[in-house]
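Report on the structure given below.
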Amino acid sequence: MTGAARGIGAAIAEALHREGAHLALLDRENELCQRRAAELGALPFDVDLADPVATAEVMQRAIDALGGVDVLVNNAGILRMAPLLDITVDDWDATFDVNVRAMLVTTQVAARSMIERGQGGCIVNMASMGGKVGSPNQAHYAASKAAVIGLTRVTAMELGPHGIRANCICPGYVLTEMGADTRTPEMVAAWSSMSPLGRCATPSEVADMAVFLVSDEARYCTGQAMNVSGGMVMH
Ligand SMILES: NC(=O)c1ccc[n+]([C@@H]2O[C@H](COP(=O)([O-])OP(=O)(O)OC[C@H]3O[C@@H](n4cnc5c(N)ncnc54)[C@H](O)[C@@H]3O)[C@@H](O)[C@H]2O)c1
């Protein structure tokens with residue numbers, strides 16, 4: 001899985017580990033990733049997912065080291081806050097390189113391996129509520145997450161015949177390091193009031209959805225964009 005060094009990804013890695021998964025963790029936060037891996041008996045891989053050649057190579061190495069792949073979780077993502085009129089080409093490209101293109105690359109490598117083994121598999125991609133409803137100062141991020149939803153649907157269509165399911169998760173607000181530099185208590189209060197449940201999500205609540213999606217309980221669920229937004233989004 002990608003982006004497991006901290007935040008939602010760390011919670012997903014922990015939850016999958018509890019379920020008995022043997023994990024390879026791909027992240028650019030090498031030291032943190034190594035520490036997480038040691039805690040979970042997982043294999044750490046240092047990679048910048050913005051580099052598609054390195055990503056493909058490391059992904060294949062990770063699969064070889066594990067001896068195969070049943071589940072791919074594409075969780076890594078970045079958010080650069082900027083008003084629409086100030087978004088630079090670099091902001092746009094950096095966002096799409098990590099949030100979408102890396103996902104295509106890891107999916108291609110993992111899916112080839114899954115098809116070759118002939119035992120099916122599961123892919124979970126991290127989208128966002130922003131991919132459905134958008135959010136000010138996040139046009140590039142929202143567009144990238146809408147792209148994740150589209151990529152997930154076509155992945156489900158093309159890989160379904162091989163017994164491979166693909167779904168994505170659309171979290172609402174989760175108080176991780178992502179966006180922490182611009183977050184204020186007033187913003188958190190306003191976000192909390194947007195949910196009928198009156199609060200933001202915890203990383204483990206998103207992780208629980210990932211565990212469900214890769215489980216046999218979700219065996220007839222593919223191509224979906226599952227909200228974990230406390231009811232902020234209902235479609
Ligand atoms: N936090 C939220 O409110 C929220 C809401 C909706 C969706 N999401 C999505 O959930 C996912 C995880 O977000 P988070 O809040 O845990 O963020 P985070 O910033 O805490 O963690 C992101 C992880 O991805 C890794 N990563 C980022 N860019 C990378 C790169 N180029 N190469 C390798 N690793 C890279 C980071 O090192 C980190 O471990 C993201 O896809 C994010 O867009 C987050």
### Enumeration of residues in the range 147-205 that are more than 10 Å from the ligand (Cβ to nearest atom), hydroxyl-bearing (Ser, Thr, Tyr) and either free of Cβ contacts under 8 Å to residues at least 24 places away in the same chain or surrounded by 19 or more Cβ atoms within 10 Å (Cβ to Cβ) (or both)
THR152, THR155, THR184, SER192, SER193
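Regarding LYS132, is this residue part of a helix (DSSP H, G or I), crowded, with 21+ Cβ neighbours inside 10 Å and among the basic types (Lys, Arg)? Write out each step before concluding.
Numbers: part of a helix (DSSP H, G or I): yes; crowded, with 21+ Cβ neighbours inside 10 Å: no; among the basic types (Lys, Arg): yes.
Against the criterion (part of a helix (DSSP H, G or I), crowded, with 21+ Cβ neighbours inside 10 Å and among the basic types (Lys, Arg)), LYS132 does not qualify.
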### Task
Would you check if GLY130 is in contact with a helix residue (DSSP H, G or I) (Cβ under 7 Å, 6 or more places away or on another chain) and of a type in the set (Gly, Ala, Ser)?
yes
### Task
Collect the residues in the range 74-101 that are open to solvent by 60 Å² or more (accessible area, probe 1.4 Å), in a helix (DSSP H, G or I) and of a type outside the set (Lys, Arg), keeping them in residue-number order.
LEU84, LEU85, ASP86, VAL89, ASP90, TRP92, ASP93
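If you go through the range 33-43 one residue at a time, do you hit one that is of a type in the set (A, V, I, L, M, F, W, C), in a loop (DSSP other than H, G, I, E, B), farther than 24 Å from THR202 by Cβ and more than 7 Å from the ligand (Cβ to nearest atom)?
Within the range 33-43, the first condition is being of a type in the set (A, V, I, L, M, F, W, C), and the residues that meet it are 33, 37-38, 40, 42-43.
Now narrow it down to the ones that are in a loop (DSSP other than H, G, I, E, B): 42.
This time we only want the ones that are farther than 24 Å from THR202 by Cβ, so: none.
The answer is no; no qualifying residue exists.
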### Task
Return only the number of the condition from (1) under 19 Å from PHE96 (Cβ atoms); (2) within 14 Å of the chain's Cα centre (by Cα); (3) open to solvent by 20 Å² or more (accessible area, probe 1.4 Å) that ASN137 does not satisfy.
(2)
### Query
Quick check: anything in the range 30-50 surrounded by fewer than 20 Cβ atoms within 10 Å (Cβ to Cβ), under 17 Å from SER144 (Cα atoms), touching a residue at least 24 places away in the same chain (Cβ under 8 Å) and touching a helix residue (DSSP H, G or I) at 6+ places or on another chain (Cβ under 9 Å)?
yes
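Regarding VAL71, is this residue open to solvent by 20 Å² or more (accessible area, probe 1.4 Å), away from the ligand (no atom under 16 Å from the Cβ) and either free of Cβ contacts under 8 Å to residues at least 40 places away in the same chain or on the phi > 0 side of the Ramachandran plot (or both)? Explain how you work it out, then say what you get.
Values: open to solvent by 20 Å² or more (accessible area, probe 1.4 Å): yes; away from the ligand (no atom under 16 Å from the Cβ): yes; either free of Cβ contacts under 8 Å to residues at least 40 places away in the same chain or on the phi > 0 side of the Ramachandran plot (or both): no.
Against the criterion (open to solvent by 20 Å² or more (accessible area, probe 1.4 Å), away from the ligand (no atom under 16 Å from the Cβ) and either free of Cβ contacts under 8 Å to residues at least 40 places away in the same chain or on the phi > 0 side of the Ramachandran plot (or both)), VAL71 does not qualify.
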### Query
Under 8 Å by Cβ, and 6 or more places apart or on different chains, what pairs join a residue from the range 114-134 that is among the charged types (D, E, K, R) with one that is more than 9 Å from the ligand (Cβ to nearest atom)?
ARG117/GLY68; LYS132/ALA146; LYS132/ILE149; LYS132/ALA225; LYS132/ASN227; LYS132/VAL233; LYS132/HIS235
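Okay, residues lined up against (1) closer than 25 Å to ALA24 by Cα; (2) outside any helix (DSSP H, G or I); (3) modelled with pLDDT under 95:
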{"position": "GLU57", "(1), (2), (3)": "yes, no, no"}
{"position": "ILE63", "(1), (2), (3)": "yes, no, no"}
{"position": "VAL69", "(1), (2), (3)": "yes, yes, no"}
{"position": "ARG112", "(1), (2), (3)": "yes, no, no"}
{"position": "ALA142", "(1), (2), (3)": "no, no, no"}
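The values are calculated or read from the model by the stated rules, or taken from the named source; none is laboratory data. Remember, it's a predicted structure, so these values are computed and weren't measured experimentally. For neighbour counting, all protein chains shown are included, and Cβ atoms are generated from backbone atoms with ideal geometry for every residue, glycine included. Ligands, DNA and RNA are excluded from the accessible area calculation, which covers all protein heavy atoms including side chains. Shrake-Rupley method; radii C 1.70, N 1.55, O 1.52, S 1.80 Å.
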